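Structure first, then comments.
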Amino acid sequence: MNKQIIAGIDIGNSSTEVAIAEISESETKFLAQHLVPTTGVKGTIDNVKGVSICLKKAVTKAGIDLSSINQIRINDAVPVIGDLAMDLISETIITESSMIGHNPDTPGGAGLGVGETILIDRLSQLSIDEENTKEYIVVVPKDFDYEWVAFTINKVVSRRVPIAGAIVQKDDGVLIHNRLDHKIPIVDEVSIIEKVPIGKLAAVEVALPGHVIRMISNPYGLSTVFSLNPDETKQIAPVAKSLVGNRSAVVIRTPQGEIVERKIEAGSITLCGTSKHAQVSINDGAQKIMEAYQKIDTLIDVRGETGTNVGGMLNGLRQDLADLTGQPANEIYITDLLAVDAGIPTSISGAMAGELSMESGVALASMVKTETTSISKVAELLEEELSIPVEVGGVEAEMAIKGALTTPGTEKPIVILDMGGGSTDAATIDEMGKICTTHLAGAGDMVTMLINSELALQDQELAEKIKKYPLGKVLSLFHMQLEDGTILFSEEPYPPYTFGKVVIREENDLTPLPIRESIEKIRTIRRESKRKVFVTNALRSLEQVVPTKNIRHISFVVMLGGSALDFEIPQMISDELSKYGIVAGFANIRGTEGPRNAVATGLVLSSKVQSGAVHG
């Protein structure tokens, strides 16, 4: 009998899973499975390292050699960034800099220029000093003609006065640049040029057409330009963030107090649908944003207002994925958006002990997809490294359904809800085998971010533990109050450092929390964060995979993925879906694996060797 050993590999946003099986025409016998954290962004060549590690661990479990594997099948993983888009949008006060950051239609030149600001009509008064190596940024109000400006700059440059850049009020950037003997970056269309301080150190940056600035949209770039210390770098970071995605910008260093306040607005976003557009302000809150989302048809892209926090966030997301895939940033689109109201810890001005105030803000999760996929490159590198044939399998949702149908008691039609770290995916298959899928932004990583922010932890790892485990409060050396109010007695004394503290009850350890919040408040924040993300996304995703858009037409939902293992999330979703008459529960892949390993199992089962019975 012809037998082959097949390895199915599911590269996810957060984890990479392997299933190894021996298959023949009559049966499929699963030998082992393993899971490791995904290395790099899903669908990029960085995944190869994690896949290789996971596979080697799995073959050790199976008691076979790596060379025994006849074929590897990996999922068709499209590069997606969900978690990097998540950020808290608020207003930031800047006291250390003046800033002009915009995208004029006619900037001139390209590159970075750093120098002291000087009015154009003062250039001729500069005295030439061999010891003076100072460079200048020319400020040009609207009263000056572009030909005269270019002539004046050429004249002083010929006298060896170093001109590093220009800030122009009219839209004369290209006209001036074309007439210069020595090319410099020029930012034009600066309407309030009278606000530009003179005699201060400034940086002007202009990117080539189709590109965005890199140096002064990076806090460490600004630190380099202005020789900032770590504290100043931290303070200037919101300035850099708001400039991400601009083609041109100016940052001017001013003494503290000279500019009292400068607010970088939270900004607005434009939701672009196939036939409708909707613009909504971040300050209107998450509900208004999601209402606008519902009113448009299929979402094609989301654009953030230039020069604002949300604009910087979304543009930075595009640039991150562009750097990973080599695809131009303007060809990368945001295909889904989830907005959630959140509390943002903010430093109180003049506080004596680092006190924080909680301000309202909006957390955003965005799913970004590229037009092309680099998974074939992943397959090629993997085959080269392991000397085993590698094949890219079918559509991920189709593989997940094949895996989910190994859960005892399931059959077509079936609806799956795959809840991971970066995204919430849903898929349905009818009796005829027709499949409908959707991929939405927001999952476990967003919940962790909300907990981290709402509790002002500034510790992502601790927030992750709070998400995953229940709480308790140690009342004495031998008894603890659990979060549901019951009392747990222990034969062994609790560690002294936990006494009187709210603790995270991990499997074999207690982690005391370094905050003063009550156990009730921490539990409420944890549960609300999960509800805002997972219950919301469960309803959104199921609506999108049902042809009628009415989820009451669904009978059964099977939950998959790492977040389906959570001690609260499946129950929350089941309770919500029961209101619609839907029976929901988490999967038990192959009757042994719980909600894990569905896609990897599906990849094995869909291999070309026809298989019959499935054995774990």
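The values are calculated or read from the model by the stated rules, or taken from the named source; none is laboratory data. Source: prediction; values computed, not measured. Every residue, glycine among them, receives a Cβ derived from its backbone with ideal geometry; neighbour counts consider all protein chains shown. With ligands, DNA and RNA removed, areas are computed over all heavy atoms of the protein, side chains included. Shrake-Rupley method; radii C 1.70, N 1.55, O 1.52, S 1.80 Å.
Using all pairs of distinct alpha-carbon atoms, the Kirkwood hydrodynamic radius of region 1-70 works out to 12.4 angstrom. The solvent-accessible area of Phe151, taken with every protein chain present and a 1.4 Å probe, is close to 120 Å². Under a model in which nothing but the beta-carbon of Lys, Arg (+1) and Asp, Glu (-1) is charged, region 1-70 shows a dipole of about 220 debye around its Cα centre.
Quick one: order Thr511, Thr536, Thr16 from most to least accessible surface, probe 1.4 Å. Please report the intermediate quantities before stating the final value.
On the way: Thr511 25, Thr536 50, Thr16 0 Å².
Largest accessible area first, the list is Thr536, Thr511, Thr16.
Listed peptides 292-301, 5-14 appear in the order 5-14, 292-301 once ranked by packing, highest mean of other Cβ atoms within 10 Å at the front.
Working ranking of peptides 229-239, 281-291 by packing, defined as the average number of other Cβ atoms within 10 Å per residue, highest first, is 281-291, 229-239.
For the chain, report the translational diffusion coefficient in µm²/s to the nearest whole number, using Stokes-Einstein at 25 °C, 0.890 mPa s, and a Kirkwood Rh over Cα pairs. Before the final figure, lay out the partial values.
Numbers: Rh = 27.4 Å.
Calculated translational D: 90 µm²/s.
In region 471-515, the C-alpha radius of gyration followed by the widest Cα-Cα span (Dmax) gives 9.3, 28 angstrom.
A simple spin-label model places pseudo-atoms 7 Å from Cα toward Cβ; at Arg505 and Asp145 they are separated by 8.3 nm.
Here region 360-447 yields Rg over Rh of 1.06, to two decimals, using C-alpha coordinates and the Kirkwood radius. About its Cα centre, the dipole of region 168-285 is roughly 220 debye, where the only charges are +1 on Lys and Arg Cβ and -1 on Asp and Glu Cβ. One equal scatterer on each Cα of region 185-313, no solvent, Debye formula: the resulting log10 I(q)/I(0) at q = 0.09, 0.10, 0.11, 0.14 Å⁻¹ is -0.33, -0.41, -0.49, -0.74. Spin-label pair Ser476-Ser68: with each label point 7 Å from Cα along the Cα-Cβ axis, the two points sit 5.7 nm from one another.
Hey, what's the chain come to in accessible area per residue, 1.4 Å probe, Å²?
On the way: 27930 Å² over 616 residues.
Accessible area per residue: 45 Å².
The solvent-accessible area of Glu359, taken with every protein chain present and a 1.4 Å probe, is close to 80 Å².
Considering only Ser24, His439, Val378, the residue lying farthest towards the positive end of the dipole of the chain is Ser24, judged by Cα position with unit charges set on Cβ.
A probe of 1.4 angstrom, applied to the heavy atoms of all protein chains, finds Arg552 with accessible area near 140 square angstrom. The 1.4 Å probe gives accessible areas that order Phe586, Phe567, largest first, as Phe586, Phe567.
Determine the equivalent ellipsoid of region 445-495 by diagonalising the alpha-carbon gyration tensor, then write out the semi-axes as square roots of 5 times the eigenvalues, largest first, rounded to whole Å.
On the way: eigenvalues 148, 24, 15 Å².
Equivalent ellipsoid semi-axes, largest first: 27, 11, 9 Å.
Highest first, please rank the peptides 165-178, 456-469 by the mean number of other Cβ atoms sitting within 10 Å of their residues.
Highest to lowest by the protection proxy: 165-178, 456-469.
Length gained on full extension, Glu491 to Ser578, computed as 0.36 nm times the residue gap minus the Cα-Cα distance: 27.2 nm. Rounded if a/c is under 1.5, else prolate if a/b is larger than b/c, else oblate: which is region 412-520, with a ≥ b ≥ c the root eigenvalues of its Cα gyration tensor? It comes out prolate by the Cα gyration axes.
How large is the dipole of region 223-348 about the Cα centre if only Lys and Arg carry +1 and Asp and Glu carry -1, each at its Cβ, rounded to the nearest 20 debye?
Here the size comes out at about 200 debye.
Our estimate of slack between Cys436 and Lys183, defined as 0.36 nm per intervening residue step minus the Cα-Cα distance, is 85.6 nm. With 0.36 nm allotted per residue and the present C-alpha distance subtracted, the Ser227-Glu291 stretch has 18.5 nm of extension available.
Rounded to the nearest percent, how much of the accessible area of the chain (1.4 Å probe, protein heavy atoms only) is carbon and sulfur? Could the numbers behind the result be given before it?
Details: 13780 of 27930 Å².
Looking at the chain in its full context, I get 49 percent from C and S.
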